[in-house]
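Take a look at the structure below.
We did not get these values from a lab; they are worked out from the coordinates using the rules stated. Everything quoted here is computed from the prediction, not taken from an experiment. Please note: Cβ atoms are built from the backbone with ideal geometry, for glycine as well, and neighbour counts cover all protein chains shown.
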Protein chains: 2
Amino acid sequence: MSQSKLYELGAAHAATLIACRELKSEDLVRSCLERVSERDTDIHAFAHLDALAALAHARALDSGPIKGLLHGLPLGVKDLFDTADLPTSYGSSVYANHRPVADAASVAMCREAGAVVLGKTVTSEFAFFHPGPTCNPHHRLHTPGGSSSGSAAAVADRMLSLALGTQTSGSIIRPAAFCGIVGFKPTNGRVMSAGVKSLSPTLDVIGGFGRSVPDAALLGAVLTGDTRLMDATAQDLDNPPRIGFFATPNWGDVDADIQTAWMYAEQTLSKAGASCNIAPTPTGFESLVQLQKEICSYEMAHSLSHERLRHRAQISAALNGLFDEGMKVDGISHAQNLMLTQEWRQKIQQMFVDHDVILTPSTLGEAPLGLDSTGDPLFCRSWTLLGLPCVHIPFATGHRGLPVGLQLVAAHGDDHRLLAAAHWVHQRLTQ
Amino acid sequence: MSQSKLYELGAAHAATLIACRELKSEDLVRSCLERVSERDTDIHAFAHLDALAALAHARALDSGPIKGLLHGLPLGVKDLFDTADLPTSYGSSVYANHRPVADAASVAMCREAGAVVLGKTVTSEFAFFHPGPTCNPHHRLHTPGGSSSGSAAAVADRMLSLALGTQTSGSIIRPAAFCGIVGFKPTNGRVMSAGVKSLSPTLDVIGGFGRSVPDAALLGAVLTGDTRLMDATAQDLDNPPRIGFFATPNWGDVDADIQTAWMYAEQTLSKAGASCNIAPTPTGFESLVQLQKEICSYEMAHSLSHERLRHRAQISAALNGLFDEGMKVDGISHAQNLMLTQEWRQKIQQMFVDHDVILTPSTLGEAPLGLDSTGDPLFCRSWTLLGLPCVHIPFATGHRGLPVGLQLVAAHGDDHRLLAAAHWVHQRLTQ
């Protein structure tokens, strides 16, 4: 591969080349930086970048021992994660000049594994709906999704091969879908949350993006410390997975592109030997979207109390609206909502007795036109509430030429089995 | 009550007087500050204090409408919580000069309810075992317990009537017990964690201290937004509680003082009409202490990755030891430990079918002699792991004249019933 196209390399491939000393981190980082400088004036994926620091870090790594699984790999970090050597604005003018004193735990862990933080990627305001300037790399008039907009766009546009994101409603799966890449949301509680702006302790989860399942799994293995996540994608499954097709009570909201992708998936995966069955809708499942919304509004309004009380004038109308909504949910209802969530997290286990994974929509369709909205997280809310691991699988193109795909969901803690199945499915659907 | 003794007032009582405009917040704050200035050169409960700002805030509150449940009440804030207008050191020289940009969510919520932050109270280093300078107000050569050392000591010594704390192993219940006050640890996930140094997402919980159950409940109501917590202590129970006496598999470690308190509680509460039965030990319960230790070490070592990697020389030997231990727990074992914890959190519900609350030791005995250790959280670890709400009830005196008590534990989410029972029990045991 010519030096000028190094930015095309996937993370796992590049990591192998660097570990064998067949590729220098500095060359890879420089290639990615060139790609950024060529593309990002159009895409606006980065909020903060320090090219010189990244190159210096890469050189230092090239002259030292292999530190870990991410040795020498450029990493994009959503601007919701604290970084000690780069500004951190959480997508808000309230923190325009903020420089934290420490790296978020997940950022420090990636650096410990050898990652080179290339820059901070754009997030919507406090990871809610008010968008940043990022465009969809497939069509600049369309949203990249949110809130991890910059991370998804940068990976999709090959400015780098790995990036960190977070999900509170649909902020990993939705931008992955709109940008046509793999997004991985681990089981709740698996990744240390220290130093990431806390919005909703019940819902927040840290994950990441790659262009392939093994790449996303590599990042997942570092974030969780669980090497099974990576090993799961190193070879093919012994047996094809048992896949539960779950249209959800909101199937009426998906467009023809998703319906076509759904049918294609069913035919292709069945032919490849997977057991594809319809997963019955658990009684009451339709209530989960509203439950997630109430918990999200209550917890965001309270978690962001300092901003709500002291910086209201610098907060968007959308977020102030959420604050008003959240402050209307009284504490007793919230306590009951938390109890209901606990019960549902137990009850949903039943769904995975007959299925290894659930296949279900990620989005209503392609990325919508316009940059004033980041699209609807409707099909992500329930899984976020349930705390289950999810992977978005990109494999089709919609009527406007934008990416389309579906998500896989697994049982609580089954992250490694989810990624193994996701790799199997992704390979079959993109053959 | 003479102006000079205002610091003796309990929080709920003072709040009522202030709300009726029979007491000025400024007078109360000044009295507490005088008490601090008289006592804290000996006790060392405060890490940072801004008397002028507190008095100015109190005056502003006196001239405005009643903001909320804590209107005008002085509040101590453990120095693990971010504060925008006071330094925040997390008990470590690494953050000696740190001033966060925002208040922790819980601090902002208390201010929104009208609290006057008097100052930051001493925490052990990153809320682990390396102690701060705080002494036990009952005997200065004894530990006040940790990690919420300053909050417990300040409330016990009547420097103020309410203070915030956190518990990851036993950091609310143990200092409450050693200082002879009420400590309340809510159900996991009830209090927004934003802006509190994150040590272990699985275990960390925010709570508080008061000298009576209604005072602790008042603070709990503000932190959770759940007014049932406060209402629960406003009147006596209709029916005496069903109390499960649970000696735990570690009963052999308690001393004669705890045994005496235990027997006294059994006799007194039975006589008062409570149904007192022995709660059988759930099979395998003895494994929970070790499970909590492993999760704590893994998660603290990873949550504090930035400090572990960049500031090792400024970290105590005790905490570096924990880091080494935590880094030895591999990610696969940790994932399995999290799954086990989930199973136990389900399974323990069975314990509360026949009992409204469980009565169980808080500590091995009185506060140990010496300030180089904060004592053993042995009897708190399992309940922290299980995420259940706990209250320490102080009611006896040990052989050295130091306070002794027991803790009550309730089912997940039963915080209001726990506090109602705790109030009932506390009144009977201190009559």
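Taking the range A:3-231, how much of its Cα-Cα pair set, in percent, is spaced more than 28 angstrom apart?
18 percent
Just the C-alpha atoms of the range A:60-187: what Rg/Rh do they give, with Rh taken as the Kirkwood radius?
Numbers: Rg = 14.3 Å, Rh = 14.7 Å.
Result: Rg/Rh = 0.97.
From the helices alone, meaning DSSP H stretches of at least four residues, give me the mean residue ellipticity at 222 nm for chain B, per-run term -39500 (n - 2.57), in deg cm²/dmol to the nearest 500. Walk me through the numbers before you get to the answer.
Working: 15 runs with 170 residues, N = 431.
One gets -12000 deg cm²/dmol as the mean residue ellipticity at 222 nm.
One Cα centroid belongs to the range B:355-377, the other to the range A:178-254; the line between them spans 41 Å.
Applying 1/(1 + (r/R0)^6) with R0 = 45 Å to the Cβ-Cβ distance of A:Gln349 and A:Ser63, what FRET efficiency is obtained, to the nearest 0.05? That pair, A:Gln349 with A:Ser63, gives E of 0.35. Close amide H pairs (under 5 Å, H built 1.01 Å from N) link B:Gly180 with no residue at least 5 positions away or on another chain. Equivalent ellipsoid of the protein assembly as shown: semi-axes from √(5λ) of the C-alpha gyration tensor, largest first, are 47, 29, 26 Å.
Each peptide in B:378-390, A:333-345 gets a packing score, the mean of other Cβ atoms within 10 Å over its residues, and the list from highest to lowest is B:378-390, A:333-345.
Could you line up A:Glu299, B:Glu307 from fewest to most neighbouring Cβ atoms inside 10 Å? It would help to have the intermediate numbers written out before the result.
Details: A:Glu299 28, B:Glu307 25.
Neighbour counts put them in this order, fewest first: B:Glu307, A:Glu299.
Remark: mean inter-chain Cβ contacts per residue of B:186-197 equal 5, using a 10 Å Cβ-Cβ cutoff to other protein chain atoms.
Quick note on chain B: its Rg to Rh ratio, both from C-alpha atoms and Rh being the Kirkwood radius, is 0.95.
Among A:Glu34, B:Glu112, B:Glu366, which comes first, second and so on when ranked by fewest other beta-carbon atoms within 10 Å? List each step's numbers first, then the result.
Numbers: A:Glu34 16, B:Glu112 19, B:Glu366 26.
Sorted ascending by nearby Cβ count, the order is A:Glu34, B:Glu112, B:Glu366.
List, in the order given, every pair from B:Lys197/B:Lys293; A:Lys185/B:Lys197; A:Lys328/B:Lys67; A:Lys24/A:Lys185; A:Lys185/B:Lys78; B:Lys78/B:Lys185 whose Cα-Cα distance in the structure shown is over 26 Å. If you can, show how the numbers build up before the last one.
On the way: B:Lys197/B:Lys293 19 Å; A:Lys185/B:Lys197 24 Å; A:Lys328/B:Lys67 17 Å; A:Lys24/A:Lys185 30 Å; A:Lys185/B:Lys78 33 Å; B:Lys78/B:Lys185 14 Å.
Pairs exceeding 26 Å: A:Lys24/A:Lys185; A:Lys185/B:Lys78.
In order along the range A:63-69, the Karplus-derived 3J(HN,Hα) couplings, from 6.51 cos²θ - 1.76 cosθ + 1.60 at θ = phi - 60°, round to 9, x, x, 5, 7, x, 5 Hz, and Gly and Pro are given as x. Among the residues of A:352-359, the average count of other protein chain beta-carbon atoms within 10 Å of the residue beta-carbon is 0.
Between B:Leu229, B:Ala156, B:Ala51, the Cα set farthest toward the positive side of the dipole of the range B:3-231 (charges on each charged residue's Cβ, about the Cα centre) is that of B:Leu229.
Shown for B:Met327, A:Met351, A:Met109, A:Met263: other C-beta atoms within 10 Å of each C-beta, ranked fewest to most, produce the order A:Met263, B:Met327, A:Met351, A:Met109. Stretched out straight at 0.36 nm per residue, the stretch from B:Ile278 to B:Ala56 would grow longer than its current Cα-Cα span by 74.6 nm. The simple spin-label model puts a point 7 Å past each Cα toward its Cβ; for B:His98 and B:Arg140 those points are separated by 3.0 nm. Under 5 Å between amide hydrogens, built in the peptide plane, is the criterion, and for A:Ile393 it picks out A:Leu406, A:Gln407, A:Leu408 among residues at least 5 positions away or on other chains. Ellipsoid fit via the Cα gyration tensor, the range A:123-162: semi-axes of 17, 12, 6 Å, each the root of five times an eigenvalue, largest first. For a label point 7 Å from the Cα of B:Asp255 along Cα→C-beta, name the residues of the range B:336-370 whose backbone N is under 18 Å from it. From the range B:336-370, the list is B:361-370. Take each residue in A:217-225, count the other chain C-beta atoms within 10 Å of its C-beta, and the mean is 2. In this calculation the C-beta distance from B:Glu22 to A:His311 is compared with R0 = 25 Å, giving a FRET efficiency of 0.10.
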